[in-house]
Amino acid sequence: MGKKQLKWLGVDLRIIGKRERIIKGMVAGIDLDNTIAHSDSLDFKLRKPIKGAKEALDKLTKDGWKIIIYTSRSWVEYDIIERWLNKNKIPFRRIVCGKLFAKYYIDDRAVSFRGSWNNVLKQIKNKK
């Protein structure tokens, strides 16, 4: 399979079926809107980064974490998201669009973001 065949809409298909390796590794899925970027639910424009987001993601990357940005935004917005992340020097390994749009997400591996990236880093440290 050629390199072009391994990608579909920016997703590296080689990761499919490697769930156990990902779970055991240091991979962090980070939501985009109102976690990394301020955004408005009326026009969905990505505004400035949330205070401390870049620094926290830089630290996680330095500590060996692979950062995957995920969002409920459509794959049509992939290029807009990628440009915004690069412009703001936000480190990331991959972008995944199409997250289920829901009021609440309940997950056994959740680290809650409540406006403080310092609190997020503490939660990650305490879960190790």
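The values are calculated or read from the model by the stated rules, or taken from the named source; none is laboratory data. Treat the numbers as computed from the prediction; the structure is a model and nothing was measured. Glycine also receives a Cβ, built like all others from the backbone with ideal geometry; neighbour counts cover every protein chain displayed.
Residues of segment 96-128 that are of a type in the set (A, V, I, L, M, F, W, C) and at pLDDT below 85: Leu100, Phe101, Ala102, Ile106, Ala110. Screening Ile106, Ile124 for residues that are of a type outside the set (S, T, N, Q) and touching a Leu at 6+ places or on another chain (Cβ under 8 Å) leaves exactly one candidate, Ile124.
One residue alone among Ile81, Ile69, Ile90 is within 26 Å of Gln123 (Cα to Cα), in contact with a strand residue (DSSP E or B) (Cβ under 6 Å, 6 or more places away or on another chain) and of a type in the set (Val, Ile, Thr), and that residue is Ile69. Within segment 92-106, the only residue that satisfies the criterion of being assigned to a loop (DSSP other than H, G, I, E, B), among the charged types (D, E, K, R) and closer than 13 Å to Ala28 by Cβ is Arg93. Taking each residue of segment 101-128 that is under 14 Å from Glu55 (Cβ atoms) and looking for partners that are not in a loop (DSSP other than H, G, I, E, B) and not aromatic (Phe, Trp, Tyr) with beta-carbon atoms closer than 6 Å, six or more apart or interchain, yields Trp117/Ala53; Trp117/Ala56; Leu121/Ala56. All told, Lys89 meets the bar of being in contact (Cβ under 8 Å) with a residue 24 or more places away in the chain, assigned to a loop (DSSP other than H, G, I, E, B) and in contact with a Lys or Arg (Cβ under 7 Å, 6 or more places away or on another chain).
Of all the numbered requirements in (1) crowded, with 16+ Cβ neighbours inside 10 Å; (2) part of a loop (DSSP other than H, G, I, E, B), Gly115 misses one, and that requirement is (1).
Restricting segment 66-86 to residues that are without any contact (Cβ under 8 Å) to a residue 40 or more places away in the chain and assigned to a loop (DSSP other than H, G, I, E, B), the residue that is surrounded by the fewest Cβ atoms within 10 Å (Cβ to Cβ) is Ser74.
Restricting segment 51-65 to residues that are surrounded by 13 or more Cβ atoms within 10 Å (Cβ to Cβ) and among the small types (Gly, Ala, Ser), the residue that is farthest from the chain's Cα centre (by Cα) is Gly52.
Residues that are surrounded by 14 or more Cβ atoms within 10 Å (Cβ to Cβ) and hydroxyl-bearing (Ser, Thr, Tyr) were ranked within segment 34-48; the one that is farthest from Phe92 (Cα to Cα) is Ser39.
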